[in-house]
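Peer 1: Here it is, the structure in full.
The values are calculated or read from the model by the stated rules, or taken from the named source; none is laboratory data. Given the structure is predicted, the values throughout are model-derived calculations rather than measurements. Virtual Cβ from ideal backbone geometry, glycine too; neighbours counted across all protein chains shown.
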Amino acid sequence: MNRQLWLLAICQGLFLTNNVTFIAINGLVGLSMAPLGWMATLPVMGYVVGSALSTGLVAKAQHHLGRKRSFQLGLLVAMGAALLCAYAALSHNFWLLCTATLIAGYYNANAGLYRFAAAELSTPQWREKAVSMVMAGGLIGAVLGPNLAQYTRTIMDVPFAGAYIALAMVALISMAVLSQIEFPPAPPKNVLDGGRPLSEIMRQPAFIVAAATGALSYGVMNLLMAATPLAMQQCGLPFSDAALVLEWHVIGMFAPGFFTGHLIKRFGALPIMGVGVALFALCIGVALSGVELQEFLLALLFLGVGWNFLFTGSTTLSLSTYTSAEKDKAQGALNFFVFATLAVSSFASGMLVTTQGWALLNWGSLVPVALTGSALIWLKMRRQTEVR
């Protein structure tokens, strides 16, 4: 870990502070303003739909502006979108809130590339650990996000309006940290314009599995995480309990970053991702066993650790599927699949938990978990066949 990686880890933590706060409050703010109850998570959905729609724009910005300026542009968008969210909450305008979170999606798509930039700030033999350690910076978000939502909830007349303003300040701090990072110079434009067509890159078995497992793991995690504050409210648990559960969930997401890279380097990406699938199944089992604080807390903790193993593993797996000249389009495609899946899971999350209940939501999550496990088995068998 060099100085540049530590600074990027801080930026990752501040980025996750934004995401965790959005997840903690957007559904509740939406529920207070939505014309119909099932629309409560549309602001959450707007964030990830905006992310999916922005992946192409972000890839072009990264190509033409370079890492640093592109990341700074994303933070400017984050600041403006957070202030617009605050205004929407104060004016009780549900559709403006959805629009603001849609715009904020550009920041999500942009900062989603921090994990790939981490590999560029390290020597090739330590890429797995660099990715893992920068993702561990999300621990800042694990602690700061839920507490930010909790302590700014009532500082203004409208609940959570102050939290949005606080997020604008978080983006400003992140800009100051990012200004101190020096990213490696981009390859010459004539090199960047080369490389294989995206369709050829995407046909590689490792890329297919990296994209599928990254998208499905994030989709399952988001499906259950976004529904948790609403489910806990339906069960009569206070918001302070929901904030505690989300805090430990995000700790589970990023604390393993201190050793996931070591595990992947020693055992390989596929076995560690397999452990992630098992933890997802364990999460669902615990969630179905009861609806008290301890069940929510333990289930979301397992969910976070499982996601870390799967998502870090899928990111590491993808690094071998493209060259430096191909990175912008390949990383843009990987992020598009993630955010498109998140958009579906965000909408399904609010609709299912408010109409069908927490139990059915968990039973349904077993389908993508099984598909993720099947993808890992397929790639492992294919590699064994190629060796023979």
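Quick grid of which residues meet (1) within 29 Å of ALA242 (Cα to Cα); (2) among the hydrophobic types (A, V, I, L, M, F, W, C):
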site	(1), (2)
GLN4	no, no
LEU8	yes, yes
GLY13	yes, no
GLY37	yes, no
THR41	yes, no
GLY46	yes, no
VAL58	no, yes
HIS63	no, no
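Peer 1: Which of the helices (runs of 4 or more DSSP H) found entirely inside the stretch 168-275 contain at least 2 residues meeting this: among the hydroxyl-bearing types (Ser, Thr, Tyr)?
Peer 2: Numbers: elements: 189-192, 198-202, 205-234, 239-254, 257-267.
It comes to 205-234.
Peer 1: Further question: Please find, among ALA61, ALA104, the residue that is at pLDDT 90 or above, under 21 Å from LEU148 (Cβ atoms) and of a type in the set (A, V, I, L, M).
Peer 2: Numbers: ALA61 fails: under 21 Å from LEU148 (Cβ atoms).
Exactly one residue qualifies, and that residue is ALA104.
Peer 1: Here's another thing I want to ask about it. Which residue out of ALA161, ALA100 is crowded, with 24+ Cβ neighbours inside 10 Å, in contact (Cβ under 8 Å) with a residue 12 or more places away in the chain, within 14 Å of VAL29 (Cβ to Cβ) and out of contact with any Phe, Trp or Tyr (no Cβ under 6 Å at 6 or more places or on another chain)?
Peer 2: On the way: ALA161 fails: crowded, with 24+ Cβ neighbours inside 10 Å.
Only one candidate passes the filter, namely ALA100.
Peer 1: Select from the stretch 70-97 the residues that are within 17 Å of PRO159 (Cα to Cα) and in contact (Cβ under 8 Å) with a residue 60 or more places away in the chain and list them in ascending order.
Peer 2: Of the stretch 70-97, the ones within 17 Å of PRO159 (Cα to Cα) are 82-94, 96-97.
Those that are within 17 Å of PRO159 (Cα to Cα) and in contact (Cβ under 8 Å) with a residue 60 or more places away in the chain: ALA82, LEU83, CYS85, ALA86, ALA89, LEU90, HIS92, ASN93, PHE94, LEU97.
Peer 1: Give the residues of the stretch 65-111 that are of a type in the set (S, T, N, Q) and either closer than 17 Å to PHE339 by Cβ or assigned to a helix (DSSP H, G or I) (or both), sorted by residue number.
Peer 2: Within the stretch 65-111, the first condition is being of a type in the set (S, T, N, Q), and the residues that meet it are 70, 72, 91, 93, 99, 101, 108, 110.
Hits for the stretch 65-111 are SER70, GLN72, THR99, THR101, ASN108, ASN110.
Peer 1: Does the stretch 6-25 hold any residues that are modelled with pLDDT of 90 or more, farther than 9 Å from GLY137 by Cβ and hydrophobic (A, V, I, L, M, F, W, C), and which are they?
Peer 2: Hit for the stretch 6-25 is LEU7, nothing else.
Residue-wise test of (1) farther than 30 Å from LEU121 by Cα; (2) crowded, with 20+ Cβ neighbours inside 10 Å; (3) among the hydrophobic types (A, V, I, L, M, F, W, C).
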residue: SER318; (1), (2), (3): no, yes, no
residue: ASP328; (1), (2), (3): no, yes, no
residue: GLN331; (1), (2), (3): no, yes, no
residue: SER365; (1), (2), (3): yes, yes, no
residue: ILE377; (1), (2), (3): yes, no, yes
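Peer 1: Would you confirm, using the coordinates I've provided, whether GLY285 is surrounded by fewer than 23 Cβ atoms within 10 Å (Cβ to Cβ) and at positive phi? It would help to see each step written out before you state the result.
Peer 2: On the way: surrounded by fewer than 23 Cβ atoms within 10 Å (Cβ to Cβ): yes; at positive phi: no.
When the stated conditions are applied, GLY285 does not pass them.
Peer 1: Under 6 Å between Cβ atoms, which residue pairs at least 6 apart in sequence (or on different chains) link something in the stretch 328-340 that is at pLDDT below 85 with a partner that is part of a helix (DSSP H, G or I) and among the polar types (S, T, N, Q)?
Peer 2: Qualifying pairs under 6 Å: ASP328/GLN62; PHE339/SER51.
Peer 1: Within the set of pairs 6 or more residues apart or between chains, which connect a residue that is surrounded by 15 or more Cβ atoms within 10 Å (Cβ to Cβ) inside the stretch 257-271 to a residue that is among the acidic types (Asp, Glu) with Cβ atoms less than 7 Å apart?
Peer 2: GLY261/GLU128; ILE264/GLU128; LYS265/GLU128
Peer 1: List the number of the failed condition for ALA78; all other conditions in (1) in contact with a helix residue (DSSP H, G or I) (Cβ under 9 Å, 6 or more places away or on another chain); (2) modelled with pLDDT under 95 hold.
Peer 2: It is condition (2) that ALA78 fails.
Peer 1: Here is a follow-up. Scan the stretch 361-387 and report the pairs whose first residue is in contact (Cβ under 8 Å) with a residue 60 or more places away in the chain and whose second residue is crowded, with 19+ Cβ neighbours inside 10 Å and among the hydroxyl-bearing types (Ser, Thr, Tyr), with Cβ atoms within less than 7 Å and a gap of 6+ or a chain change.
Peer 2: THR372/THR213; THR372/SER217; ALA375/THR213; LEU376/THR213
Peer 1: Go through the stretch 130-167 and report how many residues are out of contact with any His (no Cβ under 8 Å at 6 or more places or on another chain), of a type outside the set (Phe, Trp, Tyr) and part of a loop (DSSP other than H, G, I, E, B).
Peer 2: 9
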